[in-house]
Each structure stands twice: as structure tokens, then as C-alpha cells.
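The values are calculated or read from the model by the stated rules, or taken from the named source; none is laboratory data. Only a predicted model underlies this, so the values are computations on that prediction, with no experimental measurement involved. Using ideal geometry, Cβ is built from the backbone for each residue, glycine included, and neighbour counts are taken over all protein chains shown.
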Amino acid sequence: MYDTKGTMKQFIFDRLVDRENLCNLTKEKDQFLHLIETKSNVVVYAPRNFGKTSLLKNIVIDDFRKLNKKSFVFFADLLGVKNLDSIIGRLMNSFERSFNESFPVKNIFENIKSLLSMLQPEVSIDSITGNPSVSLGISADKKEYTISYVFQLISAISKKIPVLIVIDEFQDIVRVDEAQALFRSVFQEMHNMPVILMGSKRHLLGDIFSIPDAPLYSWGIDIEIPSIPYNEYQVYINDRFSTKNIHIAYDEAVYLQNLMHRIPEPVNIICQQIMDIYDNLEITKEIINNSLKQILDNRESRYEIQIQGFSETEEKILIELAKIKTIEKPQSKIFIAKTNLTSRTIGKIFDKLLQIGIIEKTGTYYRISDPLFMFYLNYYR
Ligand SMILES: Nc1ncnc2c1ncn2[C@@H]1O[C@H](COP(=O)(O)OP(=O)(O)OP(=O)(O)O)[C@@H](O)[C@H]1O
Ligand SMILES: [Mg+2]
């Protein structure tokens, strides 16, 4: 189970994947490092649980730091921001944390301090650890100014050392009036700094970057994280299965990946379940199906709590959608008949469920984003 470096090969889920356990994505990694080198602006799109954050945080940022011993990485996550205050709060916290992570050494900090002092953040050295830290005190009446202030600080730092800016779940700014325009003016002012914006809700990212009237229209280079090729995932799975003398053939590996919509996290969950139960065998489709049922049993209370969060009509729509798996036109006569709801209600609820990521639109059709949840609704409702 341990390789020569003493790290362990595992099926990871519910958390970020470390370098050792991230399957594939080496081409994307090289692409990112090149775009950072050329100080490009990048928009990264991939559906939920495709490994975006793992790739960026645990590999790309890590490599950037190794390549640039003295550097500053600004990483912010905007998941669920609802107003300008929450965006500002996230950016300021991220700046403070990024600062502490990037300047653990006093002499680099001394250099930076003089630059920053013009912009007047509160900088200090911890008397016990000797580590520098920064805190940004900002008054509530200067909201519009604050976003640009944070980026001015980063710009100031970039005059001394290489800087990388990564913002995760960027699409969530669409809910906030003015935010797109504010970010646009900030990004226009910044030069010679690579900026990577990530998101998992394609329709929202599209609203930001693909609508001609939108402030950030056609900003940056698009990178899409593709599905892992079937055979590569099969090798990855067998690599881990082999410790229990389990093997999965190509056809069964394809079946398993398709069953989980080729989303790595639920594939890993099923594989772990198989490893927990079996040893010394060749995996069949029946074993895959049984393992799926066991997972749904184990997760019953988790899904029931999730279902309680939905209204009755939302639940009805989800149950019908789970049955038919995908739908192109939710407001069609057939679906209206199945749900016994008006076209207007269905439209509204689809919008909401799309917005919160419970359902997703791939190509021209909608489906429940989490295949495990979809199967749960199918078996238990
Ligand atoms: N390339 C991969 N190899 C192995 N596991 C992966 C890979 N990509 C994703 N996963 C699985 O997906 C889970 C989530 O990874 P991560 O949080 O990096 O994805 P994400 O795309 O940022 O998701 P989200 O959209 O929810 O932010 C991991 O815990 C792991 O189970
Ligand atoms: Mg993520």
C-alpha cells in the first residue's frame, strides 16, 4: 500500500486529493504552469467534484511555490457569497491568510513591509514566533474601494516577487449587484500578474464570461477539466485494488464510471466500498450494483436530512427527475403531467435547484448533479 516515498495510495473522498492520489490531469497541470509563467488570465471550468481545487491547491500552487521560493500566492474562495460585505470579508481574510503563509521568513517580510506601508495595512511581528502577520482594518463606508484596495496590496507585492492569484467558486459573485463591474475594473488595473478564476456552475460562469453585455465578457483563457479517460481510471483503480488482490476489467470499469456520470468522487466512494467488503476476486457489474446499494443504505440519514431541506414541490420534481435521469425540456407536457405542477412552477424550481447546484445542465439536458443522490431517490422514493 505504501510506495517508495512512504506515501499511501488510497481512494480519497470528502476532501481534497493529495498529489499521490490525483488521477490524470498532468496535461492540465503543465498547461496551468505555462499560463502562470506567461502571466495569463485563466477561467477554469469543471463540474462539481472533478478535482479543480485539488489540482490548483495541492499541485499547481505547490509547484509554483517550489519554482519561486520567494513568492506570494493569493487564494480566495467565494463559495456562497451573498453581498458585497461577504465578498470583501472573504478577500480580506484570504489576504491575511495568504500573507502569513507566504512570508514565514522575516527578511522577505521586511522588504515587503516598506511597500505595503504606503497602503497602510496593520503589519506586525509575532513576539513569540517571530512570524509576520498583517491585518486589514477597513471602514464600512468604503466598500467599493475595499476590493480594489486588496488588489492594490497584491500589486505592490508583485513589484518585488512573483505573485499568483487564484479565486475559487468565482461564479457566486453573480448574485451580488456591482460585483462583476468592480472585479472588472480591478482586473483591468492589474498587470503582470497571473489570475486564475475557478467555478463549478457552468451556467453562472457563462453569465459572467460569455454574455457580450457582461462586464467580464471574454476575459481570460478558458480551460476545461475533462473527464478522466476510462482506461487511465481503470489502471488507477486496479493500482489500489491490487493490495486486496481485487481486479476490475475494462468493461466493468467503464460501467462503473458511467454509472457515476464519470465524476471521480462517487467513483472513489464505490471503489472504497468494494475494498472494504471484498478481497481476492474479479469485479462484476453485480458487485458494483450491490456496493452502490450498500452505500445508499449507509448514507440514508445523510440523504434524508438533505431531502428535509427541500419543499414538497421541490422534492416531487427531484423524485420525477431521478426516475427519468435526464430531461431536455422540464416544462414539457409529459413532465407537467408526471409532476402535476404548472409549467411556471417547474421553471422556477429548476432555476433554483440549478442555482444551488442540486441539478446541473450538461449540453442540452438537465440532471441531478450527484449520481448517488439520484440513485437514492430512485430506490427510496
Ligand atoms: N483526478 C482525480 N483523482 C482522484 N480523485 C479525484 C480526482 N478529481 C476529483 N476527485 C475526487 O473528487 C473529490 C473532490 O475534489 P475537489 O474538491 O478537488 O474537486 P472540485 O472540482 O474542486 O469540486 P467542487 O466543485 O465541489 O469544488 C475528491 O475528494 C476525490 O474524491
Ligand atoms: Mg472546489
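Check segment 71-81 and report whether any residue there is within 13 Å of ligand 2 (Cβ to nearest atom) and modelled with pLDDT under 95. Yes: segment 71-81 contains one or more residues that are within 13 Å of ligand 2 (Cβ to nearest atom) and modelled with pLDDT under 95. Somewhere in segment 118-137, is a residue in the same structural domain as PRO47 (by TED's automatic domain parsing) and either at pLDDT 80 or above or under 21 Å from VAL42 (Cα atoms) (or both)? No, segment 118-137 has no match at all.
Number of residues in segment 142-187 that are over 21 Å from GLU101 (Cβ atoms) and at pLDDT 90 or above equals 15.
Scanning segment 293-308 for residues that are surrounded by fewer than 12 Cβ atoms within 10 Å (Cβ to Cβ) and of a type in the set (Ser, Thr, Tyr) turns up just one, SER301. Filter segment 164-184 for residues that are more than 16 Å from ligand 2 (Cβ to nearest atom) and closer than 18 Å to PHE95 by Cβ and give the result. Residues satisfying the conditions are LEU164, ILE165, ALA179, LEU182, PHE183. Only one of the listed residues (PRO215, PRO264, PRO194) is touching a Ser or Thr at 6+ places or on another chain (Cβ under 7 Å) and either within 30 Å of PHE95 (Cβ to Cβ) or within 16 Å of ligand 2 (Cβ to nearest atom) (or both). That residue is PRO194.
Given the options LEU341, LEU318, name the one that is over 26 Å from VAL174 (Cα atoms) and surrounded by 13 or more Cβ atoms within 10 Å (Cβ to Cβ).
Values: LEU318 fails: over 26 Å from VAL174 (Cα atoms).
The unique qualifying residue is LEU341.
Residue count for segment 3-56 under the criterion of being within 25 Å of TYR217 (Cα to Cα), within 11 Å of ligand 1 (Cβ to nearest atom) and surrounded by fewer than 16 Cβ atoms within 10 Å (Cβ to Cβ): the result is 1.
When segment 34-59 is filtered for residues that are assigned to a helix (DSSP H, G or I), touching a strand residue (DSSP E or B) at 6+ places or on another chain (Cβ under 8 Å) and away from ligand 2 (no atom under 13 Å from the Cβ), the ones remaining, listed by number, are LEU35, ILE36.
State whether the residues of segment 247-266 include one that is small (Gly, Ala, Ser), part of a loop (DSSP other than H, G, I, E, B) and not assigned by TED's automatic domain parsing to the domain that holds PHE373.
Restricting attention to segment 247-266, the residues satisfying the condition of being small (Gly, Ala, Ser) are 249, 253.
Cutting the leftovers down to part of a loop (DSSP other than H, G, I, E, B) gives us 249.
Right, trim to not assigned by TED's automatic domain parsing to the domain that holds PHE373 and you get 249.
Yes, because at least one residue in segment 247-266 is small (Gly, Ala, Ser), part of a loop (DSSP other than H, G, I, E, B) and not assigned by TED's automatic domain parsing to the domain that holds PHE373.
So, in segment 344-378, of the ones that are farther than 20 Å from GLN257 by Cα and among the hydroxyl-bearing types (Ser, Thr, Tyr), which residue ends up surrounded by the most Cβ atoms within 10 Å (Cβ to Cβ)? Per the criteria, the residue is THR345. HIS247 fulfils the conditions (1) loosely packed, with under 13 Cβ neighbours inside 10 Å; (2) at negative phi; (3) without any contact (Cβ under 8 Å) to a residue 60 or more places away in the chain except for a single criterion, (1).
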